[in-house]
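Enquirer: Encoded as structure tokens, here's the structure I'll be asking about.
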Amino acid sequence: MSGYPGPGSSYPHHPHPHHAQLPQSQSQSQSQSQSHGGIRIPSPNGANGHGHVGSDSLSAHGHHGMPPNQQAFQYDQAAQQQMQSYANGHSNGHVEDMQQQQQQRVQLPAPSPASTSGDGKGHKGNRLRKACDSCSMRKVKCDESGIPCRACAALDIPCTFDRASKRRGPPNRHAEAIKKKARESMAAGAAFGSPSSTSPSNVAATLASFSTHAVLNAESICPLSTLELLIDDFFTYIHPLCPFPHEPSFRAAFLNREDLKNPSFLALLASMVGVLVASFPRKPRLHLKAQHREHLFPNSMSLVERCHKVAVAARGPGYLDKELSVYDAATSYFLGLAGAYTFQWKQTRLYFGECLTIIKVLGAHKVKDAGLSVGGLPGAYGADSNNMQGVSQPVDYIRQEIGRRLFWVMFVGIISIQQLGATFGELLIPPPTSNNPYPPLPMEIDDEYIFVDHVEAQPAGVLSKLTGFNLNVRIYKTVIPLSTMEFAYGIDEVFDWNRQKRVLEQCLSNVKQVLEVIPQELMLQPGANPGEFEHSAFQYQPPNTDYPGVRSNGGDANQWPPGKAEERRRLQFEIQKANIYGSQLGTRSSFVDKYCNLFDAYEKVKNSSGDSMQMGSPGVMAVGLDGMLPKQSVTSHYDETNIAQERESIVKDLLKVLSCISQVNMEPNGGSFINKIRQIASTLIDTPDSRKGPIAVKSEEYLGRFLDVLMKLERISPGCRSDNGDGQVDEEEELRNWADLREYQLRFAQAGGFMSDI
């Protein structure tokens, strides 16, 4: 036992009160003999120190009438005098340590007095405060001198204070009932803390608990019965827009509980559920309410965060060093898309960049050498990158198609981000070249006819869901000539006005031609009344706010009978329909804006330079631009008049879409569709009056009202919080906004719509 308790220790009453009456020299001698781990140090007067005598002989001495507090202070004073005399008389390398201990000890509070009984026998002092976890489990004294304590430091073990103190006495039934309810609420993910907590410390604790205490599986996300419904919803509402993973093989793997033995599968599953909830939050809420499990997740964002944590933990550290597949790229894409829907743009950029990198490294989307593993190198340094080392394997058609779908989804996403006004340098797909062309579009064959080693033909008369997906991709492919020009010469840079006009003219013509030939299932059908278009048979919201049950929010959970493939397919086409028309309008609007920006820049340069300005020259630039255009005369007849007419056409088509689009079309598209329409409407409203046609001026009021409703719907997304700050979604307000959208559509149709102006 050390003669001088370390800093931070509590000082119990000395067990031998007669030490206070010993002569000073003897007290100093005894104290010195006990210091420094029991090493005897000679006293200043040359006498050897003696250790403590036996406790039996000392216990016979009384207290000599000294009060307990006085004895304690006398002991402290003697110890301080001994330390001072030792520091003045001996300098053996420990003087500074002794002085530091003395200074720290002086700052400590006064020791607690000991209680004595009537017969003079001393008792222990006040109970020490909570000992560290290690000392508590080993039932040894903890000096509590700080973290780590001496015992933990000697054993080189962690010194923690995480153990909860046990309550004495009988159990508190009321408290136990509350704790039991809390445990049941977290039964879906026992390894998690609060699902809505996102602080770094809680995330670190969550990941640590995964690795040490829990085995991750699908039930770490939510109960299995709820999870099955969410998977069905994903393949119904999200898969038509993001057609991966391969549905039959994924369902078979989930049925065989692949999540118990394959962490990559669990990560993919969690990311799929996360993007479903972020894109379509009302559907999971209906399932949780129907199963009386809404207490598991107080809001949609908490379930999104739960899915994100499970996916990250299932991947584990160093997952990029393992053998990767197209499903790892799909996981990264879904994590990034969920971040976009919840306005976490940093997360979106990181995961989208990761997805793009995995796709490029795998090369699964390419026609040749799709079976090579990650890390293949050219046969010779500087050789063609298509000649890779390794043995080509038989083509896995499932992975090939998933790889192509992933590439084109990333292509569409990057162009969409650019059209909304954001440009991320790390998210860049260079224009195609002869040495590095873009992959083919996915085969227009549904998943149930695609197998690992062969592909069956799509049944006659059955439109594939990939047809709508490819239509949307073709719309964005019309941007390639403009992207190539901007990639080579800069954005909004005027260098050859005539040829630049021709590029924009050709892009605008191409994007309009995409929807000239479109299957009937994906067309906007005219309605029975003039100025009205047919609405989807699957309505999520009542037609107006006076409809009974508008606030029930649950009676419309299953509008299509389960198990009927035809109704399900029609619903999926309705979802694709909104995405296709929104993409085409957004792309046309961006071309018109590009033309106006370039024309303004051209006029500015022309006015400043005068007639002497020479725009462009027949050189490399001219050859490059002419290669992207059809063979025709250099002079372009696309002038300001044509642009004004095109803007009028966009207004009419936008009102057409807004008048017939419904909640079932729009809601599963998440914030993507709302952002597209809002961007188009905002651009048309903010256009100078000199460039507005009569239809645009007349329809400005309707556009403003539609825009207000869309902005309200955007604020109810999972990434936004309610005014009270608890993250709860105001479901009544959400339904009222959908009803307001329908009301404006009816008013617009009753006023004749735009049909009377055509």
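Bear in mind that the values in this text are calculations on the coordinates, not laboratory data. Note that the coordinates shown come from a computational prediction; the quantities given were computed from them, not determined experimentally. Positions of Cβ are generated from backbone atoms using ideal geometry, with glycine treated the same way; all protein chains shown enter the neighbour counts.
Enquirer: So, with +1 on the Cβ of K and R and -1 on the Cβ of D and E, and no other charges, what is the size of the charge dipole of region 221-371 about its Cα centre, to the nearest 20 debye?
Expert: Roughly 280 debye for region 221-371.
Enquirer: Say R0 is 22 Å: what FRET efficiency, to the nearest 0.05, do residue 521 and residue 451 get from their beta-carbon distance?
Expert: Working: r = 26 Å, r/R0 = 1.16.
After rounding, the FRET efficiency stands at 0.30.
Enquirer: So, one more: Arrange the peptides 499-512, 581-594, 476-489 so that the one whose residues have, on average, the most other Cβ atoms within 10 Å appears first.
Expert: On the way: 499-512: 20.7, 581-594: 24.1, 476-489: 19.1.
Averaged packing, sorted descending, gives the order 581-594, 499-512, 476-489.
Enquirer: While we're looking at this one, here's another question. Counting other C-beta atoms within 10 Å, which of 295, 246, 287 has the fewest, and how do the rest follow?
Expert: 295, 287, 246
Enquirer: So how far apart, in nm, are the two label points at residue 361 and residue 294 if each is 7 Å from Cα heading toward Cβ?
Expert: In this crude spin-label approximation the distance works out to 4.5 nm.
Enquirer: Here's something else I'd like to know. Would you mind checking the radius of gyration and Dmax of region 429-505 based on alpha-carbon positions, in Å?
Expert: Cα only, region 429-505: 18.1, 52 Å (Rg, Dmax).
Enquirer: Once you have the Cα-Cα distance between residue 172 and residue 593, take 0.36 nm times their residue separation minus that, and quote the gain in nm to one decimal.
Expert: Roughly 144.6 nm would be gained on extension.
Enquirer: Right, another one. Report the full-extension gain for the segment residue 460 to residue 320: residue separation times 0.36 nm, less the Cα-Cα distance, to one decimal in nm.
Expert: The residue 460-residue 320 span can extend by a further 46.2 nm.
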